[in-house]
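Below is one structure, written out as structure tokens, with a few remarks after it.
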Amino acid sequence: MKGVLPYGLMLVLFGTVCRGLAAADAPDRATDPAAALTLGKAALEDGLYDVARRALQDCLEQLGDKDRHAALGRDAAVALLRLWHETRQPDQMLREIRARRGQIHRYLHQPDMVFWTGMALFDQGTWVEVADTLKDFEQAFPDSPYVGESFRLRGWSLVKHGDLEGAIRMFERFDALNLGRPVDQDRNRLDWARALLDAGRKAEAREVLGRLVRQSAPRPEVFTGRYWLARLDVDDGQWEAAIKGLLPLMDQAEADPTLRAQAALLIGRAYEVARVPANALPILQRGLSLATEPALRREIGFALGLLTLETGDREPGIALLRTLIREDPSDPQAEQALLRLAGILLETSRWGEAETEYRHYLETYNQVQGLAQANQGRGWALMKLERYPEAATAFIKASRLHPDPVEQAMCVFKAADAYFANRQYQLAMSWYRQLERDYPDHRMMKRAVFQVGECLVAEGSMDAAESHFRSMVERYADDPVAEEAMIRIASLRLERGLFEEALAAYTAYQERYPSGALSAEAWYGHGFALLRLARYGEAIRDFNHLIQTFPSSRLIDRAEYHVSSCYFGMGMEREAQNRWEAFLQAHPKSAWVPDVVYAIAQHAFNQRRYDVAEQRFKEFGDQYPERPEAPEALYWAGMAAVRRQERVRAVELFARLVRDFPDSDVIDRARFAQGDALTELGRFGDAIVVFDEIIQKYPASPLVPYAWGRKGDCQFTLGTDNSARYRESMDSYRVVVNTGNAALDLVLQAEYKIGRCLEKLGHREDAVEHYYRRVVIRYLDESRQGVHHTEMGKTWLTRAAFSAADLLVAAGDTRAAVNILKRLVESGVPASEEAAERLRRMNHETVSGPVDR
């Protein structure tokens, strides 16, 4: 039981009895032996053992063989034995007791020698000999003041020897004889209860403790008994009884602060289990203020911090846990608290902080289950941060560490999702298929099979995707996923413009699942296919059926929009107009307002249906050039073409925007996008012209620094054939650096690329100095000043540090390269681990030491 004094420590309690025996009244004489005895006893009480030993031995030497001083000599002898007991010198005790001509032996009575021999044997750890030595002590010396303590000493020895039943009899005998002072009886009941608990006799222990705490005396033993009783209540699930028993203890000023702090911890946990955590917080805060022992302070602190995380005001708990974890990360409590802290941050959408805490865990601990949990949590955070490749890696690591196959499979699925989000569709498919192969019974297996089809769609393999979904319908005919697959087949046909085929697919679904879970989607898709086939009347009937039958469907606003479109298609503009007005009233935040064509295009772009989006946005620019959205429409038409990899057409659309709307406030964006498209087409000279136009015509645009940077990139690329271009490139990058409003990561990027130019020009020493001074040191100095760097900023720091280190290694200056890599490790950027690995490969013993200055 936690909070119970170890039996070894209980011997200290025995000192009170020993002191009482050593304090027999000395003759009221002002003799030198008496003065020595007085000094020795005082020093012993104060823990000045060397002083006490010399004084007591001096007293005995002065007494010699004078029998008239027998009481004084016995007092000094017992005090000296107590000194050796307290200073853990059992061998010395035994030598003196057994030395028949020694100073001590002549004054000790037989009970003294027997008892203190037992005590010395106890201190030596020879438990069996203690019991043998003190056996029948009460019969042999019934009048000895040691009778009571002989029972307790035998009891402790039997506990140590593992004979709990024998120990219980000794403590019970002491209690039955009503020996010793009240405080000794209290201590005996604590020993007795502890032995009963260790023997599994909980009910009897509760009875003994009940007798102890029923006393009103404010003694430490009584307070300890109350605490133990409360722990028994906790063990029995009687949380309210535990709280009731401990709350008065919190107000006992006479009680030991440590015991009160332990009580606060127990009350806090009881309140937590009782689902009233708000009551626990002030108790735990009070306990934290009472605790002085570091381990207890940390235990209470962790309990308080973790409980605070579950309340509305989490910040104090987060701060407290971070402090405790930082103070001693080796504490097992710190390991678990760090995982919980990261989990709370993840649950509350604080993705960046959650990722950082999970990474701290991975860098600090090596417990397999914890590593699995941390990698999995970090994967989720990275997904939210759209750092998909890192997320995939984290999930894969978690899948290989998790002992639970269910969690393994989930991590495999999320790794595939991360690759899918990063448009690495072949990798995504391989991991989805691994889940299907290795975890056929997992609840996400069919979803993984479905996602394989989505990968095929994303790759543009529409026929293969439809075939895949068709096979799912046959394979899982009685499963809800078959419904999804049928709907997906139909929607794919819609996306491909195969409206008749889509109509047939939706009809097949409705015939197979007349009350299916996806009926609303089927009615919507069926209506949309009819709309695209210009069968407006039939489409209206489908959309109206959806609106009336599924009033809570997410497709209601779209259906209402398409009803209006049908009326437009049918030439019933008045009816369409009335419906659009009603639509705006009913759906003021819908994506389909304010203009029909613009809404269609906007939605298509957002849904990554870039072919529809490009067409509709272009139509909007054609039909509504007077509208303020017209320039934006052409801009987004161009961007849709970019997304479709149709860069030639994108360049034409951006050029048209500049021609038709020369005063528009989107010209700078359009020109920048046009320059990027030209760059992707390899037309670097044309791209430079476009970026120059942005720089010259739109000097106030926030894109000007980026235009200088992109111009520098084009010049750098052209440097392959003409090294003079590298100098031009450096000039462009320097403009970025000297622009006051340029983003920090853009400046770091420009500085890094200046270093690359220097490298290309063969100025390697200058390149090293530039990487180091203008990127590495600048980044670190800004970080120390509290500047927050983006992930891109960290990327340029990483690339500069690696480039500088590579150049230094190539030049034979390994020491300088090591120092730069150490700075990268200390910076904590994502590439720190790679830098550490490089250092290990360079045969350096540590990556955490200070950088040579």
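The values are calculated or read from the model by the stated rules, or taken from the named source; none is laboratory data. Note that the structure is a prediction, hence the values are computed from the model and not measured. Cβ atoms come from the backbone with ideal geometry, glycine included; neighbour counts cover every protein chain shown.
So for region 153-163 (the condition being buried (at least 19 other Cβ atoms within 10 Å of the Cβ) and either at pLDDT below 85 or polar (S, T, N, Q) (or both)), does at least one residue qualify? Scanning region 153-163, I find at least one residue that is buried (at least 19 other Cβ atoms within 10 Å of the Cβ) and either at pLDDT below 85 or polar (S, T, N, Q) (or both), so the answer is yes.
If you go through region 92-114 and pick out every residue that is within 22 Å of S157 (Cα to Cα) and either in contact with a Lys or Arg (Cβ under 8 Å, 6 or more places away or on another chain) or at pLDDT 90 or above (or both), you end up with 1. On the stretch given as region 638-664, residues that are surrounded by fewer than 24 Cβ atoms within 10 Å (Cβ to Cβ) and either on the phi > 0 side of the Ramachandran plot or within 45 Å of the chain's Cα centre (by Cα) (or both) total 7.
Residue-wise test of (1) in contact with a strand residue (DSSP E or B) (Cβ under 8 Å, 6 or more places away or on another chain); (2) surrounded by 13 or more Cβ atoms within 10 Å (Cβ to Cβ); (3) within 18 Å of Q408 (Cα to Cα).
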{"site": "E315", "(1), (2), (3)": "no, no, no"}
{"site": "L324", "(1), (2), (3)": "no, yes, no"}
{"site": "P332", "(1), (2), (3)": "no, no, no"}
{"site": "T356", "(1), (2), (3)": "no, yes, no"}
{"site": "Y361", "(1), (2), (3)": "no, yes, no"}
{"site": "T364", "(1), (2), (3)": "no, yes, no"}
{"site": "G370", "(1), (2), (3)": "no, yes, yes"}
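In this structure, G370 does satisfy being assigned to a helix (DSSP H, G or I) and over 23 Å from E791 (Cα atoms).
Just one residue in the set A52, A77 is at pLDDT 90 or above, in contact with a Leu (Cβ under 6 Å, 6 or more places away or on another chain) and among the small types (G, A, S); that residue is A52.
Right, R616: within 30 Å of I547 (Cα to Cα) and modelled with pLDDT under 95 or not? Yes; evaluated as a whole, the condition is true for this residue. Kindly evaluate R95 against the criterion of being surrounded by fewer than 21 Cβ atoms within 10 Å (Cβ to Cβ), under 56 Å from the mean Cα position of the chain (by Cα) and basic (K, R). The answer is no for R95. Checking Y706, Y635, Y698, Y726 one by one, the residue that is in contact (Cβ under 8 Å) with a residue 40 or more places away in the chain and either surrounded by 18 or more Cβ atoms within 10 Å (Cβ to Cβ) or of a type in the set (K, R) (or both) is Y706 and no other. Here the condition is being without any contact (Cβ under 8 Å) to a residue 40 or more places away in the chain, assigned to a helix (DSSP H, G or I), touching a Lys or Arg at 6+ places or on another chain (Cβ under 9 Å) and farther than 22 Å from E466 by Cβ; of V449, V412, V406, it holds for V406 alone.
Checked against the criterion of being modelled with pLDDT under 75, in contact with a Lys or Arg (Cβ under 7 Å, 6 or more places away or on another chain) and part of a helix (DSSP H, G or I), region 577-600 contains one or more residues that satisfy it. Residues that are within 20 Å of R710 (Cα to Cα), basic (K, R) and out of contact with any Ser or Thr (no Cβ under 9 Å at 6 or more places or on another chain) within region 626-670 comprise R643, R647, listed in sequence order. All of (1) under 21 Å from V114 (Cβ atoms); (2) at pLDDT 90 or above; (3) charged (D, E, K, R) hold for K41 with one exception: (1).
The helices (runs of 4 or more DSSP H) falling completely within region 158-254 that include 1 or more residues that are basic (K, R) and touching a residue at least 24 places away in the same chain (Cβ under 8 Å) map to 182-198, 202-213, 220-235.
The requirement of being in contact (Cβ under 8 Å) with a residue 40 or more places away in the chain, more than 27 Å from D32 (Cα to Cα) and of a type outside the set (A, V, I, L, M) is fulfilled somewhere in region 102-122, by at least one residue. Before we move on, is T292 out of contact with any strand residue (DSSP E or B) (no Cβ under 7 Å at 6 or more places or on another chain), without any contact (Cβ under 8 Å) to a residue 40 or more places away in the chain and not in a helix (DSSP H, G or I)? Yes. Just a yes or no: is a residue in region 102-112 buried (at least 21 other Cβ atoms within 10 Å of the Cβ) and not in a loop (DSSP other than H, G, I, E, B)? Checked region 102-112: at least one residue is buried (at least 21 other Cβ atoms within 10 Å of the Cβ) and not in a loop (DSSP other than H, G, I, E, B). Exactly one residue out of Y726, Y698, Y706 is touching a Lys or Arg at 6+ places or on another chain (Cβ under 7 Å) and of a type in the set (S, T, Y): that is Y726.
Close Cβ contacts (under 6 Å, 6 or more residues apart or on different chains) running from residues in region 608-621 that are buried (at least 24 other Cβ atoms within 10 Å of the Cβ) to residues that are assigned to a helix (DSSP H, G or I) and not aliphatic (A, V, I, L, M) comprise A613/F605; F617/W636; F620/Y598. The set of residues in region 296-306 that are within 22 Å of the chain's Cα centre (by Cα) and hydrophobic (A, V, I, L, M, F, W, C) comprises I300, F302, A303, L304, L306. When restricted to residues that are farther than 11 Å from A415 by Cβ and buried (at least 21 other Cβ atoms within 10 Å of the Cβ), region 391-403 contains 1.
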